[in-house]
Amino acid sequence: MKRFPQRLTLVVGLFFILGLSGCASYQSKVHSAREALTRHEFPKAVEELKPLAEKESDDQLVYLLDYGVALQLAGRLKESNDVFLKADRLAELVDYQSISRIAGSLALSEEMVQYKGDTFEKIFINAYLAMNYLEMGNLDDALVEARRINEKYLKYRADEKKSFELNSFSKYLSALVWEASRSYDDAYIAYNEAYKIDPTIATIGEDLIRSAKLARRTDMYQSWKKKFPEVKEDPSWYDKNLGELVVIYQQGWGPRKMPSQNEYRFPMLVPVSSETQRARLAVNNKVEVSREVYDVQRAAIETLQEDQGILIAKRVAGLATKAVLSDQVRQKNELLGSLAWIALNVADRADVRQWSTLPQTIQTIRLRLPPGRYKFTLDGLNAGGALTGESLDNQEVEIKAGQKKFIVWRSLK
Amino acid sequence: MKKNLILTALSLSFLTVVGCGPKAFVKGQYDDVNRENLLNDQWSETDMQKAVADLVASLMASPSISQAKKMPVVMVTGLQNKTSEHIDTQSIMDMVRVELMKSGKVGFIDKEARQDIADEYNYQNSGMVAEDSKKGPGAQVGADFIINGRLDSIVQEVGKDKSVYYKLTLNLTNLKTSMITWSDQKQIRKTFKKKTIGL
């Protein structure tokens with residue numbers, strides 16, 4: 001009878017370990033949905049992600065982000081934006097240091113801390129909202145997102161975030177939105193800020209020259225022309241009788257977080273190879289190939305590298321905490337102390353949460369066209385320029401003079 | 001001591017299990033719609049009520065309305081949203097219209113109902129409706145003024161401090177002369193402290 005409390009303690013302790021270590025990781029929970037997206041089985045992916053995204057939890061934000069992307073791919077743009085708006089609010093609400101969760105993360109694992117999203121991911125939320133609004137032809141709401149992107153950009157810049165965290169694509173996209181609304185000065189400022197964040201954007205030279213001229217910033221126009229002598233100015237850029245077809249192409253999959261092979265407590269990023277590397281637009285006997293404006297993979301890798309120092313410090317502190325905790329228990333009960341040490345270490349694992357449905361790169365195609373209705377096709381190309389079989393066939397679009405029509409397309413293979 | 005250990009282990013297990021449970025709103029109550037709402041840093045119904053009440057009072061005192069010899073007929077057009085929030089500007093203009101109508105000094109043209117009215121004219125003149133009760137085109141009243149405006153915002157956020165400034169501007173334009181006969185603005189500034197550390 002005297003041994004009963006000891007056995008009960010052991011049983012409860014074991015139950016506690018199982019409760020902690022038996023939880024599926026984020027990556028395993030969304031794996032099936034991601035596979036479904038790759039097979040273009042969008043309703044299946046949406047169905048699988050919905051309960052995860054709707055359940056209130058410390059990880060709700062990350063599931064909302066994946067759910068929003070799945071809805072976008074399924075063509076349910078309004079629902080996708082409802083989800084992204086919820087995610088945007090949630091990202092603000094969970095952006096604080098939780099003492100209890102940090103203490104829990106030291107004793108157990110980093111996943112005890114609520115998922116807050118990386119800085120570049122948080123700005124991406126508004127870029128996705130803007131892309132959906134643009135595709136729905138809702139320029140006013142896309143402008144709201146352009147302003148929101150600017151607010152976040154100013155806040156993160158004041159917080160001294162690094163350039164790769166500031167998400168040059170979102171700034172670039174907001175410039176596109178301003179340009180579509182003919183707010184050329186705002187467009188120029190946004191292109192210029194995108195250039196400051198990332199001067200390697202493939203199209204930025206022509207964007208800066210064109211927007212500086214349209215904004216009547218003569219000095220800057222001359223200055224950019226000297227800086228980018230290879231850019232040939234096209235008179236069609238300034239022809240108000242033409243419209244423009246703008247394709248925002250999301251290519252492939254961003255890298256995935258996995259436990260590091262050297263130390264299982266730390267995450268590492270593993271690139272996901274994609275066959276389709278470029279998109280080719282065919283319309284009205286014209287062919288244009290996409291050009292890269294943002295490398296999501298590079299931003300994710302640089303962000304993780306930046307976080308590495310903090311992660312190491314936290315896990316070292318975590319090991320010390322585990323040792324102290326289990327030693328305290330061991331002083332009272334040898335068996336339970338050993339059990340606690342094993343349990344706390346088994347429960348410790350790499351934080352592999354991330355917005356894993358983001359693309360590898362984002363590219364654009366811009367084509368000026370006379371007003372009218374056009375049939376167009378988008379084809380995926382591999383690194384050698386051959387067709388990969390991924391395509392958006394026989395689409396129809398109406399181009400109006402002085403207006404931009406946006407098409408958002410994603411290749412998944 | 002063993003008892004304490006058992007209790008601790010049981011508490012931890014309980015927390016592990018219940019921590020994953022749903023957190024639904026289970027108890028509610030009706031609230032006064034005029035009570036200030038500063039639940040979050042977004043445009044709220046309190047902002048709308050305050051801004052509209054002040055601007056409507058200003059408009060009612062303007063000579064275009066207060067000194068009009070006959071009831072001015074007004075049409076509400078769009079309110080431009082120049083903020084970084086998705087705000088239902090139609091709802092703001094609806095409140096402006098309702099508050100103005102309550103005064104009994106202004107008549108309104110329903111721009112939104114034009115298509116429905118045209119359809120109804122067609123129906124009533126299709127032979128289905130008695131001659132003495134049917135209505136037709138040509139007897140509508142034309143608007144004397146239009147009301148439009150713009151909602152702007154400036155958001156500043158540094159560290160845990162956030163300030164949100166709104167400016168609602170309304171204009172009353174005389175349709176005959178295209179002159180703006182009244183214009184006023186209401187400014188609202190709200191400051192917030194963000195939680196940086198919590199339990």
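The values are calculated or read from the model by the stated rules, or taken from the named source; none is laboratory data. Predicted, not measured: the structure shown is a model, and the values here were computed from it. Positions of Cβ are generated from backbone atoms using ideal geometry, with glycine treated the same way; all protein chains shown enter the neighbour counts. Ligands, DNA and RNA are stripped out before the accessible areas are found, and what is left, the full protein with its side chains, is counted by its heavy atoms. Shrake-Rupley method; radii C 1.70, N 1.55, O 1.52, S 1.80 Å.
Just to be sure, is A:GLY318 more than 14 Å from chain B (Cβ to nearest Cβ), small (Gly, Ala, Ser) and at positive phi?
no
Output the residues belonging to region A:389-413 that are open to solvent by 70 Å² or more (accessible area, probe 1.4 Å), more than 16 Å from A:TYR133 (Cα to Cα) and touching a residue at least 40 places away in the same chain (Cβ under 8 Å).
Passing the criteria: A:LYS400, A:LYS413.
Condition first: open to solvent by less than 20 Å² (accessible area, probe 1.4 Å) and modelled with pLDDT under 95. Now tell me which residues in region A:258-303 satisfy that.
Answer for region A:258-303, where residues must be open to solvent by less than 20 Å² (accessible area, probe 1.4 Å) and modelled with pLDDT under 95: A:PRO267, A:SER274, A:VAL283, A:VAL293, A:TYR294, A:VAL296, A:ALA299, A:ALA300, A:THR303.
Tell me yes or no: at least one residue of region A:150-166 is within 11 Å of chain B (Cβ to nearest Cβ), out of contact with any His (no Cβ under 8 Å at 6 or more places or on another chain), basic (Lys, Arg) and open to solvent by 30 Å² or more (accessible area, probe 1.4 Å).
Yes: region A:150-166 contains one or more residues that are within 11 Å of chain B (Cβ to nearest Cβ), out of contact with any His (no Cβ under 8 Å at 6 or more places or on another chain), basic (Lys, Arg) and open to solvent by 30 Å² or more (accessible area, probe 1.4 Å).
When you go through (1) over 23 Å from A:SER170 (Cα atoms); (2) touching a helix residue (DSSP H, G or I) at 6+ places or on another chain (Cβ under 7 Å); (3) open to solvent by less than 30 Å² (accessible area, probe 1.4 Å) one by one for A:GLY372, which number turns out not to apply?
It fails just one condition, (2).
Please give the helices (runs of 4 or more DSSP H) falling wholly within region B:37-111 in which 3 or more residues are open to solvent by 30 Å² or more (accessible area, probe 1.4 Å).
B:45-61, B:89-103
Looking only at region B:143-158, filter to residues that are without any contact (Cβ under 8 Å) to a residue 40 or more places away in the chain and open to solvent by 40 Å² or more (accessible area, probe 1.4 Å); which one of those is nearest to the other protein chains (Cβ to nearest Cβ)?
Ranking the candidates gives B:VAL158 first.
Hey, can you tell me all the residues within region B:112-159 that are among the small types (Gly, Ala, Ser) and farther than 30 Å from B:LEU55 by Cβ?
B:ALA118, B:SER126, B:GLY127, B:ALA130, B:SER133, B:GLY136, B:GLY138, B:ALA139, B:GLY159 - these are the residues of region B:112-159 that are among the small types (Gly, Ala, Ser) and farther than 30 Å from B:LEU55 by Cβ.
Which one of these does A:ARG315 not meet: (1) touching a Lys or Arg at 6+ places or on another chain (Cβ under 9 Å); (2) among the charged types (D, E, K, R); (3) at pLDDT 75 or above; (4) surrounded by 14 or more Cβ atoms within 10 Å (Cβ to Cβ)?
Condition (3) is where A:ARG315 drops out.
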